[in-house]
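The block underneath contains the structure these notes are about, expressed in structure tokens.
The values are calculated or read from the model by the stated rules, or taken from the named source; none is laboratory data. Since the structure is predicted, the reported quantities are computational estimates derived from the model, not experimental observations. Positions of Cβ are generated from backbone atoms using ideal geometry, with glycine treated the same way; all protein chains shown enter the neighbour counts. Each accessible area value is taken on the protein alone, full model and side chains, heavy atoms only, with ligands, DNA and RNA left out. Shrake-Rupley method; radii C 1.70, N 1.55, O 1.52, S 1.80 Å.
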Amino acid sequence: MEFKKMSWVFAFAGFMFLGGICKANGHTHYYDFVLTESNFTRLCETKSILTVNGTLPGPTITVRKGDTAYVNVHNQGSYGLTLHWHGVKQPRNPWYDGPENITQCPIQAGSNFTYWIIFSTEEGTLWWHAHSDWTRATVYGAIIILPALNTTYPFTTPDAEETLVLGSWYKGDVNEIIENALATGGDPNVSDAFTINGEPGDLFKCSNATTYRWVVNYGKTYLLRLINAVLNEEMFFAIANHNLTVVAQDGAYLKPITTSYLMITPGQTMDILVVANQSPSSYHVASGPFVDGDVAFNKNGNTTAILQYNGSTTPSTIPTPTLPNPTDGTAASNFTMQVRALASKDYPISVPLNITHTLFISVSVNERICPNSSCDGPNDNALAASLNNISFVTPSIDILQAYYGKIYGVYSANFPHKPYIFNFTGHVRNDTIYPNFGTKVRMIEYGEEVEIIYQGTNMIAAENHPMHLHGFSFYLVGTGTGNFDPNQAPKTYNLVDPPEVNTIGVPKNGWATVRFKADNPGVWFMHCHLERHASWGMATVLIVTNGNTNETSMLPAPAYMPPCT
């Protein structure tokens with residue numbers, strides 16, 4: 001629901017002193033998000049979940065490229081939380097990026113806070129979600145960024161659009177599940193079902209009548225906006241008897257990929273053209289997990305929706321697509337290796353070529369020693385995770401406030417530029433299993449051209465890791481298996497048309513290299529988008545310093561931010 005009312009003048013009193021600092025090129029939009037507990041029935045059971053405006057998924061934010069949005073969040077729930085605008089760069093504006101205790105403290109129950117969202121170069125589909133504990137399991141929704149006025153898509157304008165959001169459904173309370181897992185040191189419970197637009201689908205009990213239906217007209221072309229909001233699994237996706245033509249990912253256009261299936265990681269979005277050219281009937285839309293590691297995952301079945309041709313009757317047996325096996329790493333890489341930026345005259349890219357700041361980051365699942373061997377993880381220890389042997393500890397005061405206000409003791413600026421060196425993808429010695437713990441950040445000078453090499457490791461449980469960076473899109477210039485070879489790997493880089501994305505999968509026991517220009521000053525979170533890994537400490541923070549002018553410096557601190565308690 002969108003509101004344009006005089007009462008918003010009071011909600012923006014905290015912004016007024018910034019007048020003229022960062023004017024939007026486009027229009028301004030206003031939304032009210034009311035967080036409340038609502039009863040939902042899934043899998044034959046009713047439970048109370050936190051939602052925005054009583055819906056699952058929550059409301060869609062629709063803007064045009066270059067617009068601005070204000071979202072007034074009224075927290076009528078029972079605990080504090082924050083919201084994050086996933087993939088929105090927020091130029092010079094980290095104050096409203098949202099990760100809890102990184103750029104702000106939680107919006108406490110019974111209070112409200114207005115987010116100022118600045119859209120810049122993004123175009124396509126992104127999404128928003130809670131960024132506190134595991135609350136994003138039910139607090140999420142789509143962001144649709146249409147082309148700017150007087151411009152259009154780099155393909156024939158579709159006849160209509162549809163948004164499908166993949167999610168996770170837990171019968172238990174999700175925050176209790178992760179709190180219990182952290183307390184005992186073991187793996188958290190897996191979800192009880194996956195969902196499409198909040199519904200498990202007709203393959204699950206008590207779900208047939210509520211399965212999401214997407215009604216299409218024969219001969220029409222649809223722009224399908226697909227979002228992976230699943231907590232802990234990457235997902236395969238397909239539509240029975242219909243090809244998918246992927247034309248964008250993470251708010252940037254791609255060279256079209258026509259395929260029968262795709263693989264999408266948690267945090268990623270894809271824009272897909274679907275032509276309704278089959279015999280008018282009903283067809284299953286299906287999604288199921290991709291998990292290439294020896295880890296627990298949801299094996300309870302695929303989630304489904306129904307693509308239904310307008311005016312057709314439902315057949316006794318609805319055709320179902322054949323998805324790759326959940327452990328089929330070849331199928332996953334066969335899709336992801338096709339992804340290339342459009343890189344056209346109208347949609348150019350700018351890959352950094354003169355790297356001035358290099359980070360080599362090992363990505364690991366670890367162990368934390370438990371007193372008296374009393375935990376439920378491997379070797380009676382607790383599960384942990386790390387980047388460069390550092391397991392991130394979330395502070396009680398947000399890092400942005402500490403950085404901006406020069407509050408000492410909240411973090412240390414010594415996140416290492418490379419890890420303790422060992423045979424990352426081979427036999428792992430015991431002295432590499434245990435990380436250090438701390439709130440360590442990496443300082444990067446404004447304007448530097450940055451290269452990050454993510455190196456997966458064979459520790460505890462090797463698997464694909466979807467890494468996400470706030471505040472930037474970056475170019476995925478290369479991936480490979482095994483240990484990164486600094487002499488040979490760069491020869492394989494794609495510097496011509498690499499995809500510009502915000503979330504990438506680091507291959508199991510392999511590496512991925514990304515590049516970006518550090519032209520967005522602020523405090524920016526970097527973490528794995530598998531929630532259990534982020535909860536275990538697979539995260540760090542990049543602080544990009546101010547440039548030499550007001551236009552290359554962070555916007556001033558707002559008059560009001562939620563207080564840290």
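Only one of (1) within 20 Å of the chain's Cα centre (by Cα); (2) open to solvent by less than 30 Å² (accessible area, probe 1.4 Å); (3) of a type in the set (S, T, N, Q) is not met by Thr479, so which one is it?
In the conditions (1) within 20 Å of the chain's Cα centre (by Cα); (2) open to solvent by less than 30 Å² (accessible area, probe 1.4 Å); (3) of a type in the set (S, T, N, Q), Thr479 misses (2) alone.
So which of Gly172, Gly141 ends up being part of a loop (DSSP other than H, G, I, E, B), closer than 24 Å to Ser191 by Cβ and either of a type in the set (A, V, I, L, M) or modelled with pLDDT of 95 or more (or both)?
Gly172
Would it be correct to say that Thr259 is among the polar types (S, T, N, Q) and farther than 29 Å from Lys171 by Cα?
yes
Kindly establish whether Ala130 is farther than 24 Å from Gly26 by Cα, among the aliphatic types (A, V, I, L, M) and either open to solvent by 10 Å² or more (accessible area, probe 1.4 Å) or not assigned by the TED database to the domain that holds Val52 (or both).
On the way: farther than 24 Å from Gly26 by Cα: yes; among the aliphatic types (A, V, I, L, M): yes; either open to solvent by 10 Å² or more (accessible area, probe 1.4 Å) or not assigned by the TED database to the domain that holds Val52 (or both): no.
No, not satisfied.
Considering only residues that are open to solvent by 40 Å² or more (accessible area, probe 1.4 Å) and either outside any loop (DSSP other than H, G, I, E, B) or in contact with a Gly (Cβ under 9 Å, 6 or more places away or on another chain) (or both), which ones fall in region 421-442? Give the steps one after another, and end with the answer.
We begin by selecting, within region 421-442, every residue open to solvent by 40 Å² or more (accessible area, probe 1.4 Å); these are 421, 423, 427, 429-431, 434, 436-437, 440, 442.
Within region 421-442, Asn430, Asp431, Asn436, Phe437, Lys440, Arg442 qualify.
Run Glu445 past the list (1) closer than 30 Å to Ser350 by Cα; (2) among the acidic types (Asp, Glu); (3) surrounded by 16 or more Cβ atoms within 10 Å (Cβ to Cβ) and report the number of the one that doesn't hold.
For Glu445, the exception is condition (3).
Working only within region 118-141, note down all residues that are out of contact with any helix residue (DSSP H, G or I) (no Cβ under 7 Å at 6 or more places or on another chain), more than 15 Å from Ala248 (Cα to Cα) and among the aliphatic types (A, V, I, L, M).
Ile118, Val139
May I ask you to say which residue of Asn334, Asn325, Asn310 is over 17 Å from Leu164 (Cβ atoms) and touching a helix residue (DSSP H, G or I) at 6+ places or on another chain (Cβ under 8 Å)?
Numbers: Asn334 fails: touching a helix residue (DSSP H, G or I) at 6+ places or on another chain (Cβ under 8 Å); Asn310 fails: touching a helix residue (DSSP H, G or I) at 6+ places or on another chain (Cβ under 8 Å).
Only one candidate passes the filter, namely Asn325.
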